[in-house]
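Remarks on the structure that follows.
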Amino acid sequence: MAVTIGLEWPGYGYEKGIKYHEQRFKRGMLRVDEYGKIFGAKTRKPWVKNITNDSFVNGKFTYQGSDKKANRGVKIYFHLFNGIEYEVCYWDGYKRKIRYKCIVKNNRICQKNT
C-alpha cells in the first residue's frame, strides 16, 4: 500500500512564463549560460527524496484546482510506501520553505524528530 501526498508548487506560472523572465532579464536579475539554463531564478518546486536508497521520488503533476495563470494551486502528487524513510521539501506560500524527514508506518506518515 502507498500513501499519497499532494504538495503545491507556488509560482509555477511565473517560473514558466516568458514575460515574467523577460522583465527580470531587463533588470539584470537573471542570466543564461551557453546551454540555456537560467541562473538567478528561485524555484519553489516541491520534492520528495527516498532516504533509504538516496533517490528522488517521481511525482504526478496536475493543474486541477489551480488559478488561471497557474501561480497557485498547481500540485505534484507523490506516492510514499510503508517502511521507507523520506525527506520532504515544499513551500508554504512564497516565503516559507518547509523541510522534514518522515517514515511511513501502517499507511500513515510519521514525522521524524531531527
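How would you order 7-13, 93-99 from highest to lowest mean count of nearby Cβ atoms within 10 Å?
7-13, 93-99
What net charge do the residues around residue 103 carry, taking every other residue with its C-beta under 10 Å from that of residue 103, with Lys and Arg at +1 and Asp and Glu at -1?
+3
Apply the Karplus parameterisation 6.51 cos²θ - 1.76 cosθ + 1.60, with θ equal to phi minus 60°, to every residue of segment 74-85 and state each ³J(HN,Hα) to the nearest whole Hz, in sequence, with x for glycine and proline.
6, 10, 10, 9, 10, 9, 10, 10, 4, x, 10, 8
What spacing in nm lies between the two simple spin-label points modelled at residue 64 and residue 43, each 7 Å away from Cα in the Cβ direction?
2.4
Cα-Cα over 30 Å: which of 45/112; 60/95; 69/105; 75/101?
Details: 45/112 22 Å; 60/95 24 Å; 69/105 38 Å; 75/101 20 Å.
Long pairs (Cα-Cα over 30 Å): 69/105.
Throughout, read-outs are computed from the coordinates displayed, never taken from laboratory work. Everything quoted here is computed from the prediction, not taken from an experiment. All Cβ positions, even for glycine, are placed from backbone atoms using ideal geometry, and neighbour counts span all protein chains on display.
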